[in-house]
Every structure is written in C-alpha cells, then in structure tokens.
1. Within segment 278-294, restricting attention to residues that are among the aliphatic types (A, V, I, L, M) and modelled with pLDDT of 80 or more, which residue is nearest to PHE140 (Cα to Cα)?
2. Whether any residue in segment 439-456 is part of a helix (DSSP H, G or I), out of contact with any Asp or Glu (no Cβ under 8 Å at 6 or more places or on another chain) and more than 28 Å from TYR305 (Cβ to Cβ) is what I want to check.
3. Can you spot a residue in segment 183-196 that is surrounded by 19 or more Cβ atoms within 10 Å (Cβ to Cβ), at pLDDT 80 or above and in a helix (DSSP H, G or I)?
4. Residues in segment 115-127: is at least one surrounded by fewer than 24 Cβ atoms within 10 Å (Cβ to Cβ) and over 27 Å from ILE360 (Cα atoms)?
5. Right, ILE202: in contact with a helix residue (DSSP H, G or I) (Cβ under 6 Å, 6 or more places away or on another chain), surrounded by fewer than 24 Cβ atoms within 10 Å (Cβ to Cβ), part of a helix (DSSP H, G or I) and touching a residue at least 60 places away in the same chain (Cβ under 8 Å) or not?
6. Give the number of residues within segment 384-413 that are modelled with pLDDT of 80 or more and crowded, with 21+ Cβ neighbours inside 10 Å.
7. In segment 93-105, is there at least one residue being in a helix (DSSP H, G or I) and within 18 Å of ILE385 (Cα to Cα)?
8. Identify all residues within segment 7-46 that are modelled with pLDDT of 75 or more, within 29 Å of LEU79 (Cβ to Cβ) and not in a helix (DSSP H, G or I); write none if there are none.
Amino acid sequence: MSDAFSTALENTLTLKVLLVILVSASYGLFVGAIPGLTATMAVALMVPFTFFLDPISGLAAIVTMEACCIFAGDIPTTLMRIPGTPSSAAYVDDAYSLTRQNRHQETLGVSLVFSVIGGLVGALVLICLAPQLARVAFEFSSYEYFWLCVLGLSCAAVVSRGSLAKGLLALSIGLLLSCVGLGSTHSVPRLTFGFDELITGINFIPAMIGLFGLAEVLRNFSNLVPDAPSATGTTPAIGNWLCRGIGEVFGGIGKRLSKSGSRILTSSAIGSGIGMLPGAGADIAAWVSYAVSKRRAAPEAKDDYGKGSLDGIADATTANNASLAGAWIPALVLGIPGDSVTAIVIGVLLMKNIQPGPGIFLDPAQLPLVYGIYITFILANLLLIPLGFLAIRAGSLIIRIPRQIILPLILMFCIVGAFAINGSYFDVGVMLVMGLLGVVLERFEVPAGPVVLGIILGGRLEESLVQSLTKSNSLLAFFERPVAAGLGLLCIALWLTPLIAWIKGQCSGISESE
C-alpha cells in the first residue's frame, strides 16, 4: 500500500498534472458561475480533451472541475437569485436575502469555507470507508429509495419559508409538473397537450432558471421588489481591493467555525451518506441537511431560515460538497454511477481500459490511480480557497452595476442558460412560463424551492413506488427491511412534528384563555 501511495504522489504532484488541475479549476469556476450551465455539462464538454491525457490527468481534471463548479454555482445563487446548481435551490432565499442586506461577500465566504470543509471531509470518507459504505449502498432496494425521495421532498415542504400549507402546495405543483411526459414506468404520454417536446418531460434546468432568475427580473421590472440591491456604498478602494476583500469575505469565519464542529460533522455525514447512494445526488443532501440544521437551531434563530440564515447556508453547502466524493464510492467500488458526473467518469475509465469495480482496489497496477483520485480531491478543495476568493471578489462587482444594466444582462443569461441545455427554443418557452409562475408564487408568498425539488425527484419517487408495489401489494413491505423501516419512521416523525406542535399550541392557548 505504501508503494502504491508513493507512486500516486509521484504521478500526481507533477507539473503537468498540477497545471491540469489549475486550468480545470478555473474552467469549473467560470462554467459554474454562469446560470444554467451545470457541472454535468462542463464534464461532458471536457471528455474529448481527456482523450489526450493520461488516466491520472484526466480524472484529476474531472474531480477538480466538479468541486469548483459546485461552489461557483453559489455565486449567481447569492448575487442574482438564480440557483447555479439544483442543490443551491435549498438556500437561494437565504443567500439572496443576505445580498439585499449588502452581506453578499460574507455569505459567499461562508459558502466557500464550508464547501471546502465538506469536500475535504467527503474525501476522507471516500478514502477510509469506500468499500464498507459501498456495501451498504449496494443493499438499497426500491423501498429504501422510495423513502429517501419522500424524506427529501418532506424536508423541502417542512423547512421552506412561510406556512406548511404553502410549502405543501409548492411541492404538489412540482410533483404535478414531474408527471409531464412518458415517465419512467409508462409508455403513454401524460399532460403533453400535443407538444412533442414535452414527451421527455419538463427539463428542471429551464424551470429552475425561470422560477428564480426570470421571476426576479420580472419582479424588479414591475417594482414588486423596490429594495433590490443597489450600488450605493459598495465600491471598495482600488488600492486595497484584495486586502480589504479578505476581511469582507473571511471576517468572522474563525468564530463561526469554532461553534460549528458538531454541525460540520452532521452535515458532512449526511452529504457523504446520501452521496454514495446511486441517483440520490447533492440536491437531496442539501435539502436534508438544511432541514436538520433548522431543527437543531435555537428557537430564536429558526425564524431566520428562509430569510437570511448563514447557519442554514453553511450546513447545506457542507453537505452538497461532501456528497461529491460520496458519489465516487459506488462508481469506483461497484462500477455503478452515483450521479451523472460519475456516470461520465465510468465512461472515461473504460475508455482508458480501466474496469471500475472491487478489483480496482486489489490490482497493484491500478491502485496508484485510486490513490491519485484521493490526492486530487484534497488538492482540488485546497486550491478552491484562493481561486474561490478571487471569483467572489470578481463576481461581487455585479452588485455595483446599475439595475437598468444588470437586469437585461440577467435576462440574457437566463435565455442563454435555458437554450444551452438542449439547443431548444421550447426550453426558452418553458423558462418564460415558469418565470410567470414564479412571480405568481412570490405574490402569494408560496416558496419556489419545493417546486424545483418536486420536478427533480417526482420521477424517481414514481419509479421506486411502482417497483415496490410490483414486488408486493402489502404496505407493510415498505417497513420490512431495517433501513427502509428507519427511513420510513423518520419521514413519519417529520410529518407528525408540525402537527404535534400545532396541537400543543392550541392546548396552551385554551389553557391561557381559561
């Protein structure tokens, strides 16, 4: 093992690989900061270049790009209220509310530091527990995936800003939209209204851009949000742009870290655990961690969630970055992609004549490659600190652009981001419709986050439910397996908690009146 690790160090810490890591990090930050361009798209565009790279360099490029791209998605999330990644939808309202308070650099600083911490902890989990955790993930059946989807959806409804009823309404709208198209278990088009483009369903990227980005533009144009960010008083002195920025971005981080030890461990465990489940992804990890964060918050701090909670942002970003390394566990150990990025990674491995699976940990010739991936995860997250800081300082210039200029630019990004997914004008139309829906939802104070998660997880929920009912007609079958029973009871407890709290409030009100 020591010989393989030494070989991995020699192969990774070369000028060529380090340059690949630097270029990939810059590319990931650039792509992630553009609304609508996802990490999956960035990796897919990078695949042709891996033809000319050795395995270590090719995998290092993908690892670095993904880590930087996920963080960079928080920049438009915070500054423009356009989630750069699906997981950013969990805390988009918190981040943008802080921007309206002129605390955008502090918010992005918290996101950067806790993203790096989550990425490093996730890498340690990948290094230490890959074979053991992969065995657990391999045992998951449709019952466990059903409850996992239910848990993610329940968290989105329960912790969203506003009343529980409005959260459930938003979730119902998302689930209804997820039913459009053929679906994963049916061969008959549903709710397509004669549009052939809807046979494959509603793409959640244009929907997400419309619900958050376009809706924000429309609200500003119609003066629904008169207190939008302005340029007043935000211009720093030119001579100390970087030095002053360190205090603005990282000020107070040390104090926050000293109080967040248990929260970091909890969020990292949630992210790594959910990330290793094939198909789960960082979006579920972010929502579940955000929900746990709100549950653990002090009573006086719970009202800040959805209105500008740095604790919620810190916990969610820790979880979604920890999940990135977790997704590599089933990919490397079982040859099963943990998410869309690792699905591309498996293709790259096969292209390099490397067969992912348990044997990769036993083959002395391939073991240095595994250790090289471990080392790259650590290097990528450490490199993210200086490059992410520069991206924050550069991105924060957006705040100083006058509204009459920035709003058309945001509109342009929305249109380009929606069109770039499939090169389809129909997706631009979907974005426009969802933008109008977002304005209506905001008018009635209905959260948009659960709508997005409903679109993303609705198909997975339906597929796992149908598969489970095909196996057995008994509802008890959903609780027969230990892990499924645990997840099911957790979901039920999550549902009953608001009801119990409401009953207690009613009883206390009656007793006080008497």
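1. ALA285
2. No, that holds for no residue.
3. no
4. So far as segment 115-127 goes, yes, one or more of its residues are surrounded by fewer than 24 Cβ atoms within 10 Å (Cβ to Cβ) and over 27 Å from ILE360 (Cα atoms).
5. So ILE202 does not fit the description; no.
6. Total satisfying the criteria: 4.
7. yes
8. ALA33
The values are calculated or read from the model by the stated rules, or taken from the named source; none is laboratory data. The shown structure was predicted, so the numbers you read here are calculated from the model rather than taken from an experiment. Neighbour counts run over all protein chains shown; Cβ positions are idealised from the backbone, glycine included.
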